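Taking it in order: structure first as structure tokens, then the write-up.
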Amino acid sequence: MRLCGFVCFFWLVAAAGAQDFTGTLGESSLTMSGEWAFHTGDDLAWAQPGLDDSKWERITADKPWGAQGHPGYTGYAWYRRAVEIDAAPGAKPGLVSIYIPPVDNVYEVYWNGEKVGGFGTMPPHAEWHENPVSNVFALPLQASGLKLEGGGALKGVLAIRVWKPMLNTLDPFDGGGLSGPPRIGASGTIADVMALEEDGYERSQLPRIVEMFLLLLIAMIAIGMWAFDRSRRLQLWLGVFLLGVAGYSLPIFSTFRRSATLEWQQLYLYFVFSAMELGLWMLVMVLFGLNQERAWRRRTGALAALSLTAYGIDVAENWFWASGWLPLRTIDQVLTAIMWLVTLYQFVLLAAGFRRRRDLGLLPTVLACALLEAYQIVTQSLAQFSQFTGIHFETISSVGKLHLGPYELSLLGQMEAIILVVLVVTIYREQTRERQRQIFVESEMRSAREIQSVLVPEETPAVPGFAIGSLYWPAGEVGGDMFQVLPGSDGDVLIVIADVSGKGLKAAMTVSLLVGTVRTLAAYTRKPIEVLTGMNERLMGRSDGGFSTCLILHITCDGEVTMANAGHIAPFVNGEAFEMHGSLPLGVVANAEFSESRFRLNEGDDLAVYTDGVLEAQNEAGELFGFERCASLMRGRPSVQEIAEAARAFGQEDDITVVKIVRVAANDARERMSVDLRTAVSA
């Protein structure tokens with residue numbers, strides 16, 4: 001096994017001149033420290049070995065040119081170094097490679113005037129990477145004249161051409177060019193050095209990699225829970241936020257750093273930061289109930305649109321940045337200021353949310369989110385002003401690192417871990433409470449359904465001389481329709497049908513009120529107008545802005561019908577719609593006046609009343625069942641079951657109630673009820 005794959009010896013032999021690099025090369029590598037000839041500007045002739053660079057400026061490769069007398073310089077610059085290396089006695093023949101540390105930004109490497117490699121693309125179609133990486137380039141034997149076997153020498157000139165684009169708001173003044181000295185050595189040794197460096201880097205990032213995959217796992221679980229139950233919006237926004245946080249760690253991988261140019265990396269980060277920022281905003285909105293207020297929804301939506309637009313324009317600038325057009329810098333500064341100010345909105349949401357819902361159990365979430373946002377604002381602000389302060393982002397991010405044996409966890413990673421734990425615990429707590437509330441509501445709904453099953457008659461009472469059929473199909477657990485069939489002592493019958501606006505428990509409670517009112521009033525009067533007036537008085541002030549339509553029929557034993565209406569749908573008599581005077585529903589106007597209609601039912605005549613659940617049935621195309629279909633159906637004088645089934649088959653959207661009365665001979669009433677108009681009640 002080759003020893004150089006595991007052990008590298010580095011040494012520097014003093015140069016025989018200001019810029020010459022000399023040494024002896026065996027199976028190790030040499031670090032090319034010391035002074036380099038440096039010149040701003042560009043001329044491809046500067047790559048040639050015969051060029052006289054004695055009058056060029058001398059700087060080192062240990063730090064960028066911005067820290068060596070050229071602050072804020074952008075554009076082209078060249079590094080040159082004469083190299084003369086002897087082969088160690090007994091050295092094996094082989095290729096020689098050069099290792100180039102990260103360079104800011106695009107560069108090309110020349111050996112004796114021949115280009116041997118580079119990273120990025122030079123103008124006019126410049127492409128560069130936001131996070132430069134190290135690279136290795138093999139020197140051509142035919143160009144170097146290297147003869148290792150039996151001794152020999154490597155002699156030539158190494159030239160590095162660098163181009164740095166115009167500075168943006170995050171670029172420091174002391175950047176540009178080489179950030180460390182290159183190394184030269186046997187190709188196998190240099191490859192091992194490069195592999196060890198990358199392996200060491202990725203090992204140092206192991207905590208962040210583990211955190212990334214953990215965040216992805218929790219994010220997918222959260223989004224999956226939301227997909228299973230769309231009411232779990234907390235899980236949705238937690239998943240979106242965590243996807244953004246996890247995605248922010250992807251650029252740590254060498255493959256991403258090498259393949260993604262600045263433009264595409266910024267476009268990728270656009271979606272990542274959007275998910276992080278908007279996910280956290282919406283998470284706080286839903287957690288504190290701010291999403292239930294229209295003003296907060298509109299305000300948050302407007303700022304989100306502003307932030308996404310500003311960030312999107314900022315990303316689009318990268319495709320034109322290589323042009324060096326100076327107004328782009330001003331635009332970049334304005335957009336950066338907008339995005340920085342918008343991030344402060346998170347504190348507004350946290351303060352407003354905690355004020356709206358003063359729950360101490362949510363305090364850890366408030367503090368964790370505020371801490372993360374404060375860190376982002378401080379670090380980004382310092383990075384924006386690094387051109388003036390000289391404080392680099394790398395220096396900021398190194399503060400507060402947690403050492404875990406051979407690994408390190410940055411301060412940002414620690415805060416992300418804290419907020420992850422806090423958010424998961426908080427959302428678990430909220431979901432537990434929501435589940436308890438849901439169980440309570442379901443219990444209340446069951447109680448309401450049980451009460452309603454008592455209030456809505458399961459069997460229509462027998463009335464001599466009439467066959468009465470009824471059917472009630474609520475659209476939900478409890479409904480807002482009601483009907484009552486109340487026989488009298490003189491062989492008459494009082495029939496009441498009503499439809500309460502709204503649905504659910506609230507409508508069911510109004511139904512309970514109306515049923516109690518009808519039964520109480522029926523003990524004192526059988527006149528439809530008096531019953532309607534009493535119901536209206538009882539409903540006023542108790543419907544919370546709602547109303548109820550109602551139709552009351554009083555039918556005597558000889559078939560005389562007195563009918564009073566309060567905004568309800570007209571009934572059908574013998575398959576034809578009955579014309580009625582218009583009137584207001586109950587609960588709208590106090591002291592409302594109602595009119596009566598009178599007619600007679602002869603033997604064989606029928607009267608059908610129903611609620612608007614029949615008319616408002618809706619198919620998949622969005623068409624309503626409507627009055628014309630209903631009228632066509634009624635001409636066939638169907639049973640209550642046929643009427644209700646026709647509406648349900650079309651697409652039930654609301655409660656369906658149908659009551660049908662047929663005048664028959666007294667001795668035929670029971671038979672007609674059991675055969676033709678059997679009562680059907682569905683829970």
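Full-extension gain between N619 and E576, please, as 0.36 nm times their residue separation minus the C-alpha to C-alpha distance.
Working: separation 43, 0.36 × 43 = 15.48 nm, distance 2.49 nm.
Gain on stretching N619 to E576: 13.0 nm.
Quote to one decimal, in nm, the extra length available between L170 and E645 on full extension: 0.36 nm per residue of separation minus the C-alpha distance between them. Present the calculation step by step, with values, prior to reporting the outcome.
Working: separation 475, 0.36 × 475 = 171.00 nm, distance 6.94 nm.
Separation in residues times 0.36 nm, less the Cα-Cα distance, equals 164.1 nm.
Suppose R0 equals 60 Å. What FRET efficiency, 1/(1 + (r/R0)^6) with r the Cβ-Cβ distance, do I209 and R542 give to the nearest 0.05?
So the FRET efficiency works out to roughly 0.45.
Would you calculate the separation in nanometres between label points at R357 and E434, each defined as 7 Å from the Cα along the Cα-to-beta-carbon direction?
The modelled label-to-label distance comes out at 0.9 nm.
So if R0 is 22 Å, what FRET efficiency would N591 and S501 give, r being the distance between their Cβ atoms, rounded to the nearest 0.05? Please list the in-between numbers first.
Details: r = 21 Å, r/R0 = 0.93.
Efficiency at R0 = 22 Å is approximately 0.60.
Which one, L539, G604, V659, projects farthest toward the positive side of the charge dipole computed for the stretch 456-681 from Cβ point charges (K/R +1, D/E -1)?
The residue sitting most towards the positive pole is L539.
Can you pull the one-decimal nm distance between simple spin-label points at L344 and R230, each 7 Å off the Cα toward Cβ?
The answer from the label model is 3.8 nm.
List the residues, sorted by chain then number, that are 5 or more residues from T60 or on another chain and whose placed amide H is less than 5 Å from its amide H.
W36
By count of other Cβ within 10 Å, fewest leading, how are V640, V240 ordered?
V240, V640
Working out 0.36 nm times the residue gap between S259 and E653, then minus their Cα-Cα distance, what length gain in nm do you get to one decimal?
Details: separation 394, 0.36 × 394 = 141.84 nm, distance 5.51 nm.
That pair, S259 and E653, stretches by 136.3 nm at full extension.
Just how far, in whole angstrom, is the stretch 36-81 from the stretch 525-582 if you go by their alpha carbon centroids?
If we compute the Cα centre of each part, the gap is 98 Å.
Please rank V334, V662, fewest neighbouring Cβ atoms within 10 Å first, as an exposure proxy.
V334, V662
For K115, give me every one of the aspartates and glutamates with a C-alpha distance below 16 angstrom, ignoring sequence neighbours fewer than eight places off in its own chain.
Reachable aspartates and glutamates: D42, D43.
Please give the charge dipole size of the stretch 205-436, origin at the Cα centre, charges +1 on K and R Cβ atoms and -1 on D and E Cβ atoms. Round to the nearest 20 debye.
Approximately 820 debye in magnitude.
Show me 611-623, 321-333, 545-557 ranked by packing, highest mean number of other Cβ atoms within 10 Å first. Intermediate results must be reported in sequence, preceding the final value.
Values: 611-623: 16.5, 321-333: 14.0, 545-557: 21.9.
Order by mean packing, descending: 545-557, 611-623, 321-333.
If amide H atoms are built 1.01 Å from N in the plane of the peptide, which residues on other chains or at least 5 residues away come under 5 Å of the amide H of V103?
V133
Work out from phi, with θ = phi - 60° and the Karplus expression 6.51 cos²θ - 1.76 cosθ + 1.60, the ³J(HN,Hα) of each residue of the stretch 563-573, listed in order in whole Hz, and give x for Gly and Pro.
My calculation for the stretch 563-573 gives 10, 10, 10, 10, x, 8, 5, 5, x, 10, 10 Hz in order.
As I understand it, the dipole of the stretch 205-436 uses +1 on the Cβ of Lys and Arg and -1 on the Cβ of Asp and Glu, about the Cα centre. Which of T343, M415, I221 lies farthest toward its positive end?
I221
Could you line up F288, F228, F256 from fewest to most neighbouring Cβ atoms inside 10 Å?
Fewest-to-most ranking of F288, F228, F256: F228, F256, F288.
Please list 307-313, 588-594, 32-38 highest first by mean number of surrounding beta-carbon atoms within 10 Å per residue. Provide the component values of the computation, followed by the final result.
Values: 307-313: 16.9, 588-594: 13.7, 32-38: 21.1.
So the order, starting with the most tightly packed, is 32-38, 307-313, 588-594.
Treat each spin label as a single point 7 Å out from the Cα along the C-beta direction, and report the I418 to R298 distance in nm.
That separation, rounded to one decimal, is 3.8 nm.
Any read-out appearing in this document is the output of simple, stated calculations on the displayed coordinates, not a laboratory observation. Predicted, not measured: the structure shown is a model, and the values here were computed from it. Don't worry about glycine lacking a Cβ; one is built from the backbone with ideal geometry, like all the others, and counts go over all protein chains shown.
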